[in-house]
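To keep things clear, I will list the structure first and then write my remarks on it.
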Amino acid sequence: MNRRHFVTSLAAVPLFAQTPAPAPAAAPAPELEWFDAKKFTVEGQGFRDVKSPWDRLPGRAEGVVRPEIWNLSRDAAGILVRFTASTTAIHARWSVTGKSLSGANATPITSSGLDLYARDDAGKWRWAGVGSPTKLPDNVGALITGMEAKPREFMLYLPLHNPVSSLEIGIVKGGTIAPAPARPAGQKPILFYGTSITHGFSASRSGMTHVAMLGRTFNREVINLGFSGNGRMEPETVKFVAELDPAVFVLDCLPNMTAAQTAERTVPGVKILREAHPQTPILLVEDRVFDNAYLVKSRRDGHEANHAALREAYATLQAAKVPNIHYLKADDLLGYDSEATIDGSHPTDLGFARQAAEFERVLRPILR
């Protein structure tokens, strides 16, 4: 038999040994029990008289603040739910009411998804899973599966850039879930009022903003009043900020303000807060410097003018002996290697980590 005939003969022989075995039957989906997330410990929502369940400003702000601010206040940025659970899996179903799952500088998970953290056995908050949105308006999915069913505390961050109309948490039937313990008595939140950077553009997920990182670092509630493109220290908005009673007010509005606006609004804005809260610390923050400002003179000039206006306002407040005013320079907010933003302005996760470190350096003695 020649080689060609041998190969042909082999090809004609059925290769029964290579027939794939039947796939094993898929394990049945676990039976879940669902719970309204509002029944657990909600943080980051300073106002309770809201129009929709997860809004950030009260319903009475509509028609008082500019429409752009009102619409942005419907985003659930910074709001989270803490709960304890003993279960092998955590699922979620949620509805968002925006027109898109993502934005120009934001992933779908950031804009419309969920971000789950858990306390490890040493008591440290660590990432656990995400809820990835696939469509509008309703989504459902597993955040984490395969866990050991032992009591543990969890923290679920809501989407940064989309209004949320409903949120439910699902656990495997037979497991347990309950509200997380309250924070220590008298421990007040840190309040951030600012721009798209405060709002959370362009973190990869909602737990990766500097605001969220600082909440975990200090193990303290944080309130995110960032309004993308519209953090301009307007008195109508500052008056709502002043209704809240935090441990410290962080004013980080300069990226949305001109030097003239900074000069005009900083001192009056601080006075509004000081009238409502005579001793609460107030931290004034310079705007980050665009990564390419070294090439664009107009940007350099704009930053320098803005910083000079804020320094002058700070000096005016000090001369007037307004108590407990603090100042954070922009020098180290993003670092010096131009590697920490998505567009020269909005931080990536690296940029947010660097910002968090700078804020921690200044906030730690204030909170102490």
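For region 335-368, how many residues meet the condition of being polar (S, T, N, Q) and under 18 Å from residue 294 (Cβ atoms)?
3
Given the condition part of a loop (DSSP other than H, G, I, E, B), among the β-branched types (Val, Ile, Thr), touching a residue at least 12 places away in the same chain (Cβ under 8 Å) and farther than 18 Å from residue 209 by Cβ, answer yes or no: does some residue in region 54-70 qualify?
Yes: one or more hits.
Within the group 87, 107, which residue is of a type outside the set (A, V, I, L, M), over 30 Å from residue 242 (Cβ atoms), assigned by TED's automatic domain parsing to the domain that holds residue 139 and surrounded by 24 or more Cβ atoms within 10 Å (Cβ to Cβ)?
Unique residue meeting the criteria: 87.
Given the options 340, 319, 315, 353, name the one that is assigned by TED's automatic domain parsing to the domain that holds residue 268 and either touching a His at 6+ places or on another chain (Cβ under 8 Å) or within 23 Å of residue 247 (Cβ to Cβ) (or both).
Criteria check complete, one pass: 353.
I need the full set of residues from region 324-368 which are among the aliphatic types (A, V, I, L, M) and either at pLDDT below 95 or part of a loop (DSSP other than H, G, I, E, B) (or both), in order please.
If the condition is that a residue be among the aliphatic types (A, V, I, L, M) and either at pLDDT below 95 or part of a loop (DSSP other than H, G, I, E, B) (or both), then 330, 333, 334, 340, 342 are the ones that fit.
The values are calculated or read from the model by the stated rules, or taken from the named source; none is laboratory data. The shown structure was predicted, so the numbers you read here are calculated from the model rather than taken from an experiment. Because the Cβ atoms are built from the backbone with ideal geometry, glycine has one as well, and the counts that use them run over all protein chains shown.
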